[in-house]
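The numbers here are math on the coordinates, done by the rules we state, and not lab data. The structure presented is a predicted model; accordingly, all values stated were derived computationally and were not measured. No Cβ is skipped: glycine too gets one built from the backbone with ideal geometry, and neighbour counts run over all protein chains shown.
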Amino acid sequence: MENNTKRTKLPHQVIVKAPGLLPMLYTPREISEALNIAESTFRGWLQTGIPHQRDKRNRIWINGEHFAGWVNEQRKPKTVSNLNEDEAYCLHCNQVSKLISPQVQPIKGNLVLIKGTCEKCGNIINRGAHRDRTPELSQS
């Protein structure tokens, strides 16, 4: 699923603070101070499509609500993927992998640790689970 729109990588503080902007017009200096970023950085983002308007004297004005909407469009869509019972996420490969020779270790209460080997790189992978949702694997 390829998306043709180019996204601008935004600092976390901008993503967090942008929804708090008021529905009023800001100058680039005011909005960059409100978001705690350099004004030159913000002016660079104007080239990437921040919704703005210019008045008769050619000054730039940014609506806070529209800017917050633009920031929300720039965020990566959340990917939700449920792993199968015999899979875990390998931090070495940065991908989902099948567990080779998984072992279940009780932690506390209904929590268990499923420990296995990554089928792609051979490193040890761990996965947390609930006891009642764990397949019948070897107990350690």
Net dipole in debye of the stretch 87-139 [+1 Lys, Arg Cβ; -1 Asp, Glu Cβ; about Cα centre; nearest 20]: 120 debye
Under the Debye formula (equal points on every Cα, no solvent term), log10 I(q)/I(0) of the stretch 87-139 at q = 0.32 Å⁻¹: -1.21
How much FRET efficiency would the formula 1/(1 + (r/R0)^6) give for Thr41 and Gln95, where r is the Cβ-Cβ distance and R0 is 25 Å, rounded to 0.05? 0.15
If amide H atoms are built 1.01 Å from N in the plane of the peptide, which residues on other chains or at least 5 residues away come under 5 Å of the amide H of Ile125? Gly116, Thr117, Cys118
Global geometry of the stretch 1-61, whether rounded, prolate or oblate, following the gyration tensor of its Cα atoms and the 1.5 cut on a/c: oblate
Residues His130, His66, His12 arranged by fewest to most Cβ contacts within 10 Å: His12, His130, His66
Loop trypsin sites (Lys or Arg not before Pro), the stretch 55-113, which have at most 13 other Cβ atoms in a 10 Å radius of their Cβ (DSSP): Lys56, Arg57, Arg59, Arg75, Lys78
In order over the stretch 35-46: 3J(HN,Hα) from phi, Karplus 6.51/-1.76/1.60, θ = phi - 60°, whole Hz, x for each Gly or Pro, gives 9, 6, 10, 6, 4, 5, 5, 4, 5, x, 5, 4
Hypothetical label at Lys6: residues of the stretch 39-80 whose amide nitrogen lies under 14 Å (7 Å Cα-Cβ projection): 44-50
